[in-house]
1. Taking the chain as the reference, fit the longest principal axis to its C-alpha atoms, fit the long axis of helix 66-96 to the helix C-alpha atoms, and give the angle between the two in degrees, 0 to 90, nearest 10.
2. Over the chain, average the accessible area per residue using a 1.4 Å probe and give it in Å², no decimals.
3. Taking the highest mean first, how do the peptides 192-199, 139-146, 50-57, 158-165 order by number of other beta carbon atoms within 10 angstrom per residue?
4. Which peptide among 29-35, 208-214 comes first, and what is the full order, when sorted by highest mean count of other Cβ atoms within 10 Å?
5. Using the alpha-carbon atoms, what tilt in degrees (0 to 90, nearest 10) does helix 5-15 show relative to the longest principal axis of the chain?
6. Taking all protein chains in place and a 1.4 Å probe, what share, in percent, of the accessible surface of segment 96-251 do carbon and sulfur account for?
7. So how many Å³ per residue does the convex hull of the Cα atoms of the chain work out to?
8. What share of Cα pairs, in percent, lie more than 15 angstrom apart in segment 17-72?
Amino acid sequence: MKTIAAVEKALLILNKFSPEKPEWTLAELSKELGWAKPTVLRLLNTLEKYGFVSRSSASRKYRLGMRLFDLGSIIVGQMEVRAVALPVMREIRDKVNEAVYLNVVLEGERVCVEFLDCSHALKAAVNIGQRSPLYVGASALVLLAFSEEREKIIRSLELKPFTSTTITSKEELRRRIEEIRRQGYTVSWGERNAGLVAISVPVFDRHGKVVASLSIGLPEARAEEKKLAECIKILQWGGREVSRQLGYRQT
């Protein structure tokens, strides 16, 4: 496996911090790692610039920065929502016998973090780790609709079509967002993958912030009106239940 030497060195510095040794001076790190002080200083300056380490103005010692706390919080939050959501997802899947998946925002995109398959031969398939822009498909649109930074995100988007039904106008996107916020869910028809229908609802944390979207995917061939109504009803229950278990109290 090929690695980048400078990145590897920066990670080796971060790995030197521990509960037993939470602070280091430049001289200590240089001696511990066996590297020249100028090399260690350049790496520390870069890590400090991006918030991965900070330096005490009094002791001149380095400690881990708040950016690592932010990243850790993201991981903890994802682990919590996945653990809470999984039993609810199983119940939804067993009731409707369609694919059920959980999505979060990571690095400005919608990412699938959990997926449960159904027993049909013809079915929706979503890979864990699959990404899509926040304007493409129900699971992404719900995350965008309930984001506190939705307008800022919309202004930054470059809307490119994935299929013939993908939203490619910001005016249309804003109308869709307002519709989702009013009804509390959305249905997309082949907006990411032609022939597939997705239904999605938001999941909120104890602070009332959207932390995930819970979705059902199925082929258009089974998406008749009665089936969709059943899926929307059970999915809305699931979204409320996961949110409740995460501490959300709807006002």
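The values are calculated or read from the model by the stated rules, or taken from the named source; none is laboratory data. Everything numeric in this text was worked out from a predicted model, so none of it was measured. FYI the Cβ positions are ideal-geometry reconstructions off the backbone, even for glycines, and counts take in every protein chain you see. These accessible areas exclude ligands, DNA and RNA; they are computed on the full protein's heavy atoms, side chains included. Shrake-Rupley method; radii C 1.70, N 1.55, O 1.52, S 1.80 Å.
1. 20
2. 56
3. Ranking the peptides 192-199, 139-146, 50-57, 158-165 by packing returns 139-146, 192-199, 50-57, 158-165.
4. 208-214, 29-35
5. With both axes taken from Cα atoms, the answer is about 90 degrees.
6. Summing carbon and sulfur atoms, their accessible area is 48 percent of the total for segment 96-251.
7. 181
8. Within segment 17-72, distances greater than 15 Å cover 48 percent of Cα pairs.
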